[in-house]
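In what follows, a structure is listed as structure tokens, so that the remarks can point back to it.
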Amino acid sequence: MSNNNSSKSTTAQFEQDLIKTGMQPITLRQAEIGRGTQIKRALPSRQKRMIGAWCFLDHAGPVDFTAGEGLDVGPHPHIGLQTFTWMIKGSMMHRDSLGYAQLIQPKQVNLMTAGRGISHTEVAPVTETQMHSVQLWIALPDDKKDMQPQFDHYPKLPILQHDQVEYTVLVGEFLGEKSPVQVHSELLGVDLVAQAQVKTLLPLNPNFEYALLVLEGELRVGEHQLNNEHMLVVNTGLQQLELEMSAGTHAILIGGVPFESPVILWWNFVGRTQEEIEQAREQWLQGDARFGEVADYQGERLAAPPLPDRMRASK
Ligand code: MN
């Protein structure tokens, strides 16, 4: 049966509803990374491409596995973004073309700034048997997108207690605590763990748009009951968010000023034009020095997929 709604794209309807109600849930999709590791992908989604400069969000685990069968992502390139890895359980070895080799452990962040180009591997140690992590990408603004690549490891983030919720400030500033993680846009990232059944009020910056992603457990915001299948998108203009969390519920809140330039997100690249993406793909395929070499990896570099006919920049 056809009606007015079905003739609109899902995205347009989502945007209308978001403006009308201030918040709308998105259902995550399943995807596969590395060698058959299943993850839930929250960003980009058809309804919402970015939250501020946050342009990609994968939730991996929690999962237990046999030692030696953990995540193994071979050498692959990035441009125009920062990869932000938040480890919750388990560990992972990062190696990149700048020569960094860094094990990331629970409650730590790895931040890799690709800028004009870098390549890396992500491999679970052979003795590892569990994984729970979130990987986000941050689009670099126009004046930083071609910056020199860089890698930073943050072993300790600020933690604070408020309303029986443990907050870890991953990026930006929250409840007076400031993260040391260096980003290039106005952004927020906060990890929340409810230590009891709680009701809490999150202060928001009205200039920011936000998304709340449940990692484990359940929470309620207004009429929206959410679990780890959902991400709640929150429009700009709100001062606060009232949250009811069941005991043990674990979530992350991300936010930022809506990103200024439309971007193309293709494979592991963030660019502004199709030409820029095509050139990076070609240079990766040719083994160009732009992406360097990652040492100590047994196996093949990841092959870039074929390009679609036409790519359009969007926010
Ligand atoms: Mn990567």
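The values are calculated or read from the model by the stated rules, or taken from the named source; none is laboratory data. All of these numbers come straight from a predicted model, not from anything done at the bench. Don't worry about glycine lacking a Cβ; one is built from the backbone with ideal geometry, like all the others, and counts go over all protein chains shown.
A few notes on this one:
- Sole residue being closer than 27 Å to PRO155 by Cα and of a type in the set (Val, Ile, Thr), chosen from VAL181, VAL233: VAL181
- Of the residues ARG35, ARG41, ARG46, the single one that is modelled with pLDDT of 95 or more and basic (Lys, Arg) is ARG41.
- Members of segment 205-226 that are closer than 25 Å to TYR154 by Cα and crowded, with 19+ Cβ neighbours inside 10 Å: PHE208, TYR210, ALA211, LEU212, LEU213, VAL214, LEU215
- In segment 121-164, the residue that is nearest to MET87 (Cα to Cα) out of those that are within 16 Å of the ligand (Cβ to nearest atom) and touching a His at 6+ places or on another chain (Cβ under 7 Å) is VAL134.
Quick grid of which residues meet (1) closer than 30 Å to TYR167 by Cα; (2) among the β-branched types (Val, Ile, Thr); (3) buried (at least 18 other Cβ atoms within 10 Å of the Cβ); (4) away from the ligand (no atom under 16 Å from the Cβ):
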site	(1), (2), (3), (4)
MET245	yes, no, yes, yes
GLY256	yes, no, yes, yes
PRO262	no, no, no, yes
GLU275	no, no, no, yes
GLU278	no, no, no, yes
ARG281	no, no, yes, no
GLY287	no, no, no, yes
ASP296	no, no, no, yes
ALA313	no, no, no, yes
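- Meets criteria (touching a residue at least 24 places away in the same chain (Cβ under 8 Å), surrounded by fewer than 17 Cβ atoms within 10 Å (Cβ to Cβ) and not polar (S, T, N, Q)) for HIS250: no
- Condition met for ARG35 (in a loop (DSSP other than H, G, I, E, B), free of Cβ contacts under 8 Å to residues at least 40 places away in the same chain and out of contact with any helix residue (DSSP H, G or I) (no Cβ under 7 Å at 6 or more places or on another chain)): yes
- Boolean, LYS40 is out of contact with any Gly (no Cβ under 9 Å at 6 or more places or on another chain) and assigned to a loop (DSSP other than H, G, I, E, B): no
- Subset of segment 302-315 (residues that are basic (Lys, Arg) and touching a Phe, Trp or Tyr at 6+ places or on another chain (Cβ under 8 Å)): LYS315
- Scanning segment 201-252 for residues that are among the hydroxyl-bearing types (Ser, Thr, Tyr) and under 20 Å from PHE14 (Cα atoms) yields TYR210, THR236.
- Evaluated against (1) touching a strand residue (DSSP E or B) at 6+ places or on another chain (Cβ under 8 Å); (2) within 16 Å of the ligand (Cβ to nearest atom); (3) on the phi < 0 side of the Ramachandran plot, ALA251 falls short on exactly one condition, (2).
- Cβ-Cβ under 8 Å pairs, at least 6 apart or on other chains, segment 116-132 side touching a residue at least 24 places away in the same chain (Cβ under 8 Å), far side in a loop (DSSP other than H, G, I, E, B) and among the β-branched types (Val, Ile, Thr): SER119/VAL294; HIS120/VAL294; THR121/VAL294; THR129/THR66
- Residue count for segment 44-96 satisfying the condition of being crowded, with 21+ Cβ neighbours inside 10 Å, away from the ligand (no atom under 16 Å from the Cβ) and part of a strand (DSSP E or B): 4.
- Of all residues in segment 1-32, those satisfying the criterion of being acidic (Asp, Glu) and modelled with pLDDT of 90 or more are GLU15, ASP17.
- Qualifying residue in segment 137-157 (condition: β-branched (Val, Ile, Thr) and out of contact with any Cys (no Cβ under 8 Å at 6 or more places or on another chain)): no
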